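K.L.:
Got a structure here, written out as structure tokens. Questions coming.
FYI, it's all coordinate maths here, none of it is from the lab. None of these values were measured; they are calculated from a predicted model. Virtual Cβ from ideal backbone geometry, glycine too; neighbours counted across all protein chains shown.
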Amino acid sequence: MAIIGIDLGTTNSLAVCWKNDKPVLIRNSFNETSTPSVVGYDKENETYVVGAVANERLITHPNDTISEFKRCMGQNMEFMLNNRKETSVSLSSYVLKKIKEDAEAFLGEEVDEAIISVPAYFNDKARSDTKLAAELAGLRVDRLINEPSAAALSYLYSNGFEDQTLLIIDFGGGTLDVSLVETFDNIIEILAVAGNNELGGKDFNEVIAEYFCKQSGLVMDALRLQDKALIYKIAEKAKIHLSKSMSTIMTATIEGKDYSVSIDNNKLIKLCSNIFSKIKAPIDKVLRDARTTIDDIDDIVLVGGSSKMPTVRAFIKEVTGKAPNTNVNPDTAIALGAGIFAEIKNRNMDLKDIIMTDICPFSLGVATCDSMTGDIITEFIINRNSSLPCTRQKTFYTMSPMQESIRIQIYQGESIVVSKNLCLGELMIDLAHPTKEKQMITIKMSYDINGILIVDVEDKDGHIGDKVFMSKDTDLSPEEINKMRERIKAASILGREEEKNALLIARAERVFEESLEQERQIILAFLMQFKASLTSNSLKAINEAYTKLKDLLDNIEGRN
Ligand code: ADP
Ligand code: MG
């Protein structure tokens, strides 16, 4: 039985195993290390499709394909797929099931355990949802690792364990995480984290897509879903192109009409000034929280696909005054870190001395009544960025004389406004001796590395109550979880052997939609030939038809 590390990304997911004394990226059935975090349902074949095939169907089957569900992790948002309600938990579970299957094929043995990386900003609910998704996919997950910690671990593994202070900036498809990591001896200590889980590469795509529409006289909201998806796709392609060259031209055929818009990096900087300004805030916050300055940083490590943008790298260099490190692969660093951590957990002899400390990425407190205004506000007991495990206490007073009980509501978050924070639950305590004077109560909170919070309450005579709040808490009942488990287990997911052909069909359908009349006829003819060959049982016929269709598509898309 093997244990693997998984970077379960908003856009892409990767997995790493330990082989021949080093972390190795697991390859999927397309021999690729990255699997798009996209899930779809293929009505024609009555199967779920996950990864590259689903990603290819985003444009042609927008109603049967879901992406970026990680953005909703920890929230109770529902998605419809195959006339069924799905959540970010069940959708992540399909992705994890696929990763497990690919890992098992790659390793030739069963994989039953994983370490999964999550954004530092994930709250307890999002963390427990991630663990639940894994469990439903048949993977035991005892520990999660913060994505920036994983990146730091990966950096240290390849650059050597020297004492230093690193600023890790992870800019992916949907989230931005900034963290300050200090390493000394064999200890990796996170000093502070900040971030924005509503900011990522997708935001650039949106701005570029809007620009394309504006320049073309199109109104985004008035377009068909397919056309919208097509414009987002060419916007993303242009963005990636701009990482290699100064300018590019976007072209698309919308309802039979050809449009073409050019864009360069200077224009991109102007259009995206709002995004750039949002990158700076968490950098400042991390330095402020850790009471340090950029001068004390030894190296800036950029990870995540969006950090490959030269405009982003230049912006970060400009605001920090330091050139970011270029040795770390932004695409794989987090997965490698998760894989290394999985091996640490597995007690590999060479790595056993590495100690990782973690911090609480959010504040924990209770609802109190402000004595001056009477407003209900949050009183923080454990502040964000405290090293874990951590214990803090604070003293409070009962509200009225002869009060018989107290109700302690526990919140996680940064807002003074109670309702803006996440309620973890409450604790009711009867006071044994109501007194005429207001009583003094001490609330002690202990929060550990596994997300377990113990709240202990004392009055002047000693202990009067306690309660454990587990991050495992979920809104779902055991019956609901069981139902989900059965459904995910029973779901027919397109197998590894069929994926290659399915991807080509999905691609042909997409290129068909993007093409004009003459090209359409030939794509359709080759596609039909390929589909017919699949029923022929002749490997030779299938291979020939496959190559013919693939060459045609490569030609049209300029891939050869
Ligand atoms: P996540 O962590 O959200 O899964 P990734 O780190 O894989 O995301 O990054 C995905 C994002 O990176 C996407 O928005 C993608 O468009 C963007 N991206 C990938 N490669 C490049 C590139 N060469 N230039 C610019 N953006 C890129
Ligand atoms: Mg990522």
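K.L.:
Tell me the net charge near Ser247. Cut-off is 13 Å between Cβ atoms, Ser247 excluded, with +1 for each Lys or Arg and -1 for each Asp or Glu. Show your work: numbers first, answer last.
P.N.:
Values: positive: Lys239, Lys244, Lys267; negative: Asp264.
Once all neighbours under 13 Å are counted, the net charge is +2.
K.L.:
How high is the FRET efficiency from Asp221 to Glu109, r the C-beta distance, R0 60 Å, rounded to 0.05?
P.N.:
After rounding to 0.05, the efficiency reads 0.75.
K.L.:
Also: Which parts of region 480-509 would a label at Lys548 reach, counting a residue when its backbone N lies under 19 Å from a point 7 Å out along Cα-to-Cβ?
P.N.:
In region 480-509, the label zone of Lys548 (backbone N under 19 Å from the point 7 Å along Cα→Cβ) covers 501-509.
K.L.:
Angle between the Cα long axis of helix 496-514 and the longest principal axis of the chain, 0 to 90 degrees, nearest 10?
P.N.:
So the helix axis and the longest Cα principal axis differ by about 70 degrees.
K.L.:
To the nearest 10 degrees, how steeply does helix 147-159 sit against the main Cα axis of the chain, on a 0 to 90 scale?
P.N.:
Between helix and principal axis, roughly 70 degrees.
K.L.:
Separate question: How much FRET efficiency would the formula 1/(1 + (r/R0)^6) give for Leu422 and Glu135, where r is the Cβ-Cβ distance and R0 is 22 Å, rounded to 0.05?
P.N.:
0.55
K.L.:
Explain nothing, just compute: Karplus ³J(HN,Hα) = 6.51 cos²θ - 1.76 cosθ + 1.60, θ = phi - 60°, for every residue of region 309-316 in order, whole Hz, x for Gly and Pro.
P.N.:
5, x, 5, 5, 4, 5, 4, 5
K.L.:
Right, here's the next one. Using 7 Å Cα-to-Cβ label points, what is the Ser536/Gln164 separation (nm, one decimal)?
P.N.:
The modelled label-to-label distance comes out at 5.8 nm.
K.L.:
Give, as a single signed number, the net charge of other residues whose beta carbon lies under 15 Å from the beta carbon of Glu517, with Lys and Arg counted +1 and Asp and Glu -1.
P.N.:
Net charge around Glu517: -3.
K.L.:
Here's something else I'd like to know. So if each residue of separation counts as 0.36 nm, and I subtract the Cα-Cα distance between Lys19 and Met372, what length gain in nm does that give?
P.N.:
Length gained between Lys19 and Met372: 120.8 nm.
K.L.:
With each pseudo-label sitting 7 Å past Cα toward Cβ, what's the Glu68-Ile556 distance in nm, one decimal?
P.N.:
2.6
K.L.:
Among Asp456, Asp284, what is the fewest-to-most ranking by other Cβ atoms within 10 Å? Don't skip to the answer; put the middle values down first.
P.N.:
Working: Asp456 18, Asp284 13.
Exposure proxy ranking, most exposed first: Asp284, Asp456.
K.L.:
Given DSSP loops and a limit of at most 12 other Cβ atoms within 10 Å, what is the longest stretch of the chain that contains no such trypsin sites (Lys or Arg not before Pro)? List each step's numbers first, then the result.
P.N.:
Details: sites that count: Lys43, Arg224, Lys244, Arg291, Arg347, Lys352, Lys436, Lys460, Arg559.
Between the exposed loop sites, the longest stretch runs 44-223.
K.L.:
Can you give the extra length, in nm with one decimal, that the chain gains between Ser400 and Asp142 once fully stretched, where that is 0.36 nm per residue apart less the Cα-Cα distance? Please list the in-between numbers first.
P.N.:
Working: separation 258, 0.36 × 258 = 92.88 nm, distance 4.42 nm.
Result: 88.5 nm gained on full extension.
K.L.:
Related question: Of the cross-linked pairs Lys100/Lys285; Lys131/Lys444; Lys237/Lys257; Lys19/Lys548; Lys244/Lys322, which ones have a Cα-Cα span greater than 30 Å in the structure shown?
P.N.:
Lys100/Lys285; Lys19/Lys548
K.L.:
Tell me which aspartates and glutamates have Cα within less than 13 Å of Lys500's Cα, excluding those fewer than 8 residues away on the same chain?
P.N.:
Hits, sequence-local ones excluded: Glu32, Glu56.
K.L.:
Something else now. How much FRET efficiency would the formula 1/(1 + (r/R0)^6) give for Asn346 and Asn82, where r is the Cβ-Cβ distance and R0 is 51 Å, rounded to 0.05?
P.N.:
0.85
K.L.:
Among rounded, prolate and oblate, which fits the chain when a ≥ b ≥ c are the square roots of the eigenvalues of its C-alpha gyration tensor, a/c under 1.5 means rounded, and a/b larger than b/c means prolate? Intermediate results must be reported in sequence, preceding the final value.
P.N.:
On the way: a/c = 1.82, a/b = 1.70, b/c = 1.07.
In terms of gyration-tensor shape, prolate.
K.L.:
Given axes a ≥ b ≥ c from the Cα gyration tensor, I'd like to know whether region 496-557 is rounded (a/c under 1.5), prolate (a/b larger than b/c) or oblate.
P.N.:
prolate
K.L.:
Using amide H atoms built in the peptide plane, which far-off residues or other-chain residues are under 5 Å from Val303 H to H?
P.N.:
Ile169, Asp170, Phe171
K.L.:
Between beta-carbons, use under 14 Å as the cut-off and find the net charge around Glu109, counting Lys and Arg +1, Asp and Glu -1. Display every interim value, and only then the final one.
P.N.:
Details: positive: Lys19, Lys100; negative: Glu101, Asp102, Glu104, Glu110, Asp112, Glu113.
With Lys, Arg at +1 and Asp, Glu at -1, the net is -4.
K.L.:
Based on Cβ point charges of +1 for Lys and Arg and -1 for Asp and Glu, what charge dipole magnitude is obtained for region 160-327 about its Cα centre, in debye rounded to the nearest 20?
P.N.:
Dipole size: approximately 980 debye.
K.L.:
By how many nm would the segment from Asn45 to Arg407 lengthen if fully extended, with 0.36 nm per residue of separation less the alpha-carbon distance?
P.N.:
Once the chain is fully extended between Asn45 and Arg407, it gains 124.9 nm.
K.L.:
Another one. Under the Karplus relation 6.51 cos²θ - 1.76 cosθ + 1.60, θ = phi - 60°, what is the ordered set of whole-Hz ³J(HN,Hα) values for region 44-53, x standing for Gly and Pro?
P.N.:
4, 9, 6, 9, 7, 10, 10, x, 4, 5
K.L.:
Taking the Cα atoms only, what angle lies between the long axis of helix 273-289 and the longest principal axis of the chain, rounded to 10 degrees?
P.N.:
That helix lies at roughly 30 degrees to the long axis.
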